[in-house]
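Some notes on the structure that comes next.
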Amino acid sequence: MSKYLVNKFLYTVDRDPDLVERYREDPTGTVNWWEAERANAVLNCHDGEASTWLKFTDEERGALATHNHVKLFELGAHPFLTLTLFIAMFERDHGPLEYQMAFGARLKHFDQPYPDIAT
């Protein structure tokens, strides 16, 4: 599993309003496109710099494609990156703090120590 790549996806999508909307409306297509086109680009760097080996596992791809933040947390995705992106996508569908409370409630079954979020 590449926690780095999952976190990179969450980080880069959250910082682009068009990608946030694209991921909200077509999560599977966005994940597949991002993996093919952006996964190997060097983060915060000019065009032309890239690696060639990064790709999601099937489990990561599935969790991202289904907006499954509980599975992402279990896999070690950083909870703040997940929360900020998911707030951008779904808070508008809920009342004040309703989405954040539901997000946290779905993670309530985790005992400490929490999954390792170090990359």
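None of the figures in this text is laboratory data; all of them are computed from the coordinates on show. Quick caveat, the model's predicted, so the values are computed rather than measured. Using ideal geometry, Cβ is built from the backbone for each residue, glycine included, and neighbour counts are taken over all protein chains shown.
Sequence neighbours fewer than 8 away in the same chain don't count; with that in mind, list the lysines whose C-alpha is under 18 Å from LYS108. Leaving aside lysines fewer than 8 places away in the same chain, those within reach of LYS108 are LYS71.
From the alpha carbon centroid of segment 1-16 to that of segment 77-91 is 11 Å.
Applying 1/(1 + (r/R0)^6) with R0 = 30 Å to the Cβ-Cβ distance of ASN40 and GLU74 gives a FRET efficiency near 0.75.
Each of the peptides 20-30, 80-90, 4-14, 98-108 was scored by the mean count of other Cβ atoms within 10 Å over its residues; in descending order, highest first, they stand as 4-14, 80-90, 20-30, 98-108. Normalising the Debye intensity of segment 3-105 to I(0), with uniform scatterers on Cα atoms only, and taking log10 at q = 0.13, 0.19 Å⁻¹ returns -0.45, -0.93.
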